[in-house]
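The values are calculated or read from the model by the stated rules, or taken from the named source; none is laboratory data. Computed from a prediction, not measured in an experiment: that's the story for all the values here. All Cβ positions, glycine included, derive from the backbone under ideal geometry; neighbour counts span all protein chains shown. Side chains included, ligands, DNA and RNA excluded: accessible areas come from the protein's heavy atoms. Shrake-Rupley method; radii C 1.70, N 1.55, O 1.52, S 1.80 Å.
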Amino acid sequence: MAELSRGVRLGVDVGQVRVGVARSDPHGILATPLVTLARDLTAAPDAVPTDIAELVRLAAEHEAVEIVVGLPVNLAGKHGPAAENVSAYAARLADVMGPVPVTLTDERMSTVVASRRLAERGVRGKRQRAVVDQAAAVEILQSWLDAQRRRTQ
């Protein structure tokens with residue numbers, strides 16, 4: 001099987017209000033938190049929302065070779081309104097990302113897992129809300145990286 005190509009990947013957790021972003025090392029081993037962006041829900045339909053423009057800028061700054069967006073599939077494996085919302089976001093992102101591919105990956109429970117891990121570390125309340133989106137993006141990207149490695153072994 002082909003080995004995972006070298007390069008930084010960005011992991012993206014799209015929420016209703018915020019977008020969590022994580023990045024991997026160039027070897028695709030470890031995901032780390034990067035930033036939380038506010039969703040720009042006021043952009044005109046033909047304009048690029050500021051959060052998507054910032055993702056494009058981050059991809060260029062980090063020389064990302066791929067963007068991995070978490071798709072919130074429900075526990076039964078179905079695509080509900082949240083998944084449709086994220087799919088539309090990913091499609092809009094792909095339209096402006098140029099040659100950098102945007103990949104959707106199942107992110108069932110990533111925010112729940114991230115919240116639990118933060119709580120275990122004593123991060124709660126307002127402090128948790130400030131970083132949970134980044135932590136969820138880390139969960140999404142790390143599980144995707146791990147799955148790619150398992151496929152190539």
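Here are the numbers for this structure:
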| read-out | value |
| --- | --- |
| Residue list for segment 22-56, restricted to those being aliphatic (A, V, I, L, M), out of contact with any Ser or Thr (no Cβ under 7 Å at 6 or more places or on another chain) and in contact (Cβ under 8 Å) with a residue 12 or more places away in the chain | Ile29, Leu34, Val35, Leu37, Ala38, Val48, Ile52, Ala53, Leu55, Val56 |
| Residues satisfying the stated conditions in segment 129-148, i.e. modelled with pLDDT under 85 and open to solvent by 40 Å² or more (accessible area, probe 1.4 Å) | Arg129, Ala130, Val131 |
| Check on Val123, modelled with pLDDT under 70 and either open to solvent by 20 Å² or more (accessible area, probe 1.4 Å) or not small (Gly, Ala, Ser) (or both) | yes |
| Those residues of segment 1-34 which are of a type in the set (Gly, Ala, Ser), modelled with pLDDT of 95 or more and over 20 Å from Ala94 (Cα atoms), in sequence order | Ala31 |
